[in-house]
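These notes concern the structure reproduced below.
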Ligand code: TYD
Ligand code: MG
């Protein structure tokens, strides 16, 4: 294939230069130049619009829109997050930090599809075929039926997809493929974008459902697949701590379904296992000690009970440490400020650690009250009563509790797992009242 020329386009001012510079010669911004392929010949552009000929718009009613049957991956949690399975011809970007289980999940999905008689292809630019086989052996016999291609050259991959025409294809990862038409190294913004564009083209043409695997750093940066989000139909994020057992899968964007659903998985010796009783597990494992409360969270449209733990301990550092895992740091700072100002619980010069147990990440304001109660309980050294205590609610800057979505479903989920007493905006109008309800009786009992 002829190598067409490439240019470097400044993402700040749009200027183009034939060579790469660290600093844009036009607007003087640093690190803004992204390599792009120059389309071959003047014929580039949307078909039918080459010489600006008018096209005929079609009334929506006349557009044929057959709902094509989905490919069920056999992994219930994955299918649910996708909105019912993979859509033929669609492109899904599966992001997550290294070691989280992206290759495992996609291997398993292809294995199930192959077992169901679908055409599959697993393209790996990261691992050798032998390495992939070793993993597949752990995942069971179905995974061994998946054809693999260990390849990093984009042209070869595109040609193989076009020749094999699989129903489902995984490209692991988008950062390792290399487009010969560009000079930049694999994984750079220009390369990643070119790889995704070319694979999307071939996927749409052949009706192949493609899953592009992409590594995202914790900050989501570094030429990461974030630049692809607008190119693909669906963006899934696989989250959790590598050392922990639980991982969550959520959709950040979905053209064919909602972005509300979340799947919970556990990494075991034989691959990823769906966790269907996540609430029961987390409640069962809750410690009932000072500093532990159960948050009745909503993960999209699904209620989930998770344990939130806090530790407040004297610090040697100025300023003291404020560390949280599974929660937003800024939310923790806000909760600590409101606790000190409106509820008489000052963390002062102590270190404060807050953790959502199990490696689950909670991204909703309803978690505020759980953080506040866990910190207050830890600071006072008294366990909530009854323990484990369920709670949810957003905390306002004036110390009030604000209602959050789906209070009934949260309370139902808590009741289902034996947590009848629940502290929420409905039962306590302010943070102070919530603290009294959660810790008041326990304190009185401790004092007696
Ligand atoms: P992997 O899917 O390779 O992660 P990623 O592709 O996101 O980088 O797997 C991550 C880890 O999971 C790996 O360190 C080994 C572990 N693992 C298991 O515990 N059980 C298994 O069955 C498999 C396949 C992997
Ligand atoms: Mg991998």
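Read-outs throughout are calculated quantities, based only on the coordinates presented, and are distinct from any laboratory measurement. Just so it is clear, the structure is predicted and the values come from calculations on it, not from any experiment. Neighbour counts are summed over all protein chains in view; Cβ atoms, including those assigned to glycine, are modelled from backbone coordinates with ideal geometry.
Pulled fully out, how much extra length does the chain show between residue 62 and residue 205, if you take 0.36 nm times their separation in residues and subtract their Cα-Cα distance?
Full-extension gain reported as 49.3 nm.
Size of the stretch 294-448 along its principal axes in angstrom, Cα-based, largest extent first?
43, 37, 30
Work out the FRET efficiency for residue 138 and residue 163 from their Cβ-Cβ distance, taking R0 = 25 Å, and round it to the nearest 0.05.
Once the sixth-power term is evaluated, E becomes 0.25.
Calculate, in nm to one decimal, what residue 285 and residue 427 gain on full extension: separation in residues at 0.36 nm each, minus their alpha carbon distance.
48.5 nm
In terms of the Cα gyration tensor, with a ≥ b ≥ c the square roots of its eigenvalues, is the stretch 83-157 rounded because a/c is under 1.5, prolate because a/b exceeds b/c, or oblate? Please report the intermediate quantities before stating the final value.
Working: a/c = 1.22, a/b = 1.06, b/c = 1.15.
Taking the square roots of the gyration eigenvalues as a ≥ b ≥ c, the stretch 83-157 is rounded.
Given axes a ≥ b ≥ c from the Cα gyration tensor, I'd like to know whether the stretch 20-142 is rounded (a/c under 1.5), prolate (a/b larger than b/c) or oblate.
Working: a/c = 2.53, a/b = 1.30, b/c = 1.95.
The shape class here is oblate.
Using a Förster distance of 56 angstrom, determine the FRET efficiency expected from the C-beta separation of residue 156 and residue 330, and round it to 0.05.
It comes to 0.75.
I'd like the orientation of helix 102-115 relative to the chain: the angle between its Cα long axis and the longest Cα principal axis, in ° from 0 to 90, rounded to 10.
Helix 102-115 sits roughly 60 degrees off the main axis of the chain.
Go through 253-264, 382-393, 107-118 and give me the packing order, highest mean Cβ count within 10 Å leading.
Numbers: 253-264: 18.6, 382-393: 24.7, 107-118: 21.7.
The densest-packed peptide leads the list: 382-393, 107-118, 253-264.
Tilt of helix 329-342 relative to the longest C-alpha principal axis of the chain, in degrees (0 to 90, nearest 10)?
For 329-342 against the chain, the angle is about 20 degrees.
Using alpha carbon centroids, what distance separates the stretch 81-109 and the stretch 325-390, in Å?
34 Å
Mind ranking 23-31, 326-334 by how tightly packed they are, going by the mean number of other C-beta atoms within 10 angstrom, highest first?
Most protected by this proxy first, the peptides run 326-334, 23-31.
Where does helix 407-416 land angle-wise versus the long Cα axis of the chain, in degrees 0 to 90, nearest 10?
Its long axis makes an angle of about 70 degrees.
If I model a spin label as a point 7 Å beyond the Cα along the Cα-Cβ vector, how far apart are those points for residue 259 and residue 402 in nm?
2.0 nm
Tell me, what is the percent relative contact order of the stretch 309-414, built from C-alpha pairs under 8 Å that lie six or more residues apart?
32 percent
Using 1/(1 + (r/R0)^6) with R0 = 25 angstrom and r between the beta carbons of residue 363 and residue 185, what's the FRET efficiency to the nearest 0.05?
Values: r = 33 Å, r/R0 = 1.33.
It comes out at approximately 0.15.
Express the relative contact order of the chain as a whole percentage, based on alpha carbon pairs under 8 Å and six or more residues apart in sequence.
12 percent
Ranking request for peptides 143-152, 189-198: highest mean number of other beta-carbon atoms within 10 Å first, then the rest in descending order. Don't skip to the end; give the middle numbers.
Working: 143-152: 17.9, 189-198: 22.5.
Per-residue mean Cβ counts within 10 Å order the peptides as 189-198, 143-152.
Could you calculate, for the chain, the ratio of the Cα radius of gyration to the Kirkwood radius, expressed as Rg to Rh?
Computed over Cα atoms, the ratio is 1.05.
Pop a pseudo-label 7 angstrom from the Cα along the beta-carbon direction at both residue 11 and residue 27 and give the gap in nm to one decimal.
1.2 nm
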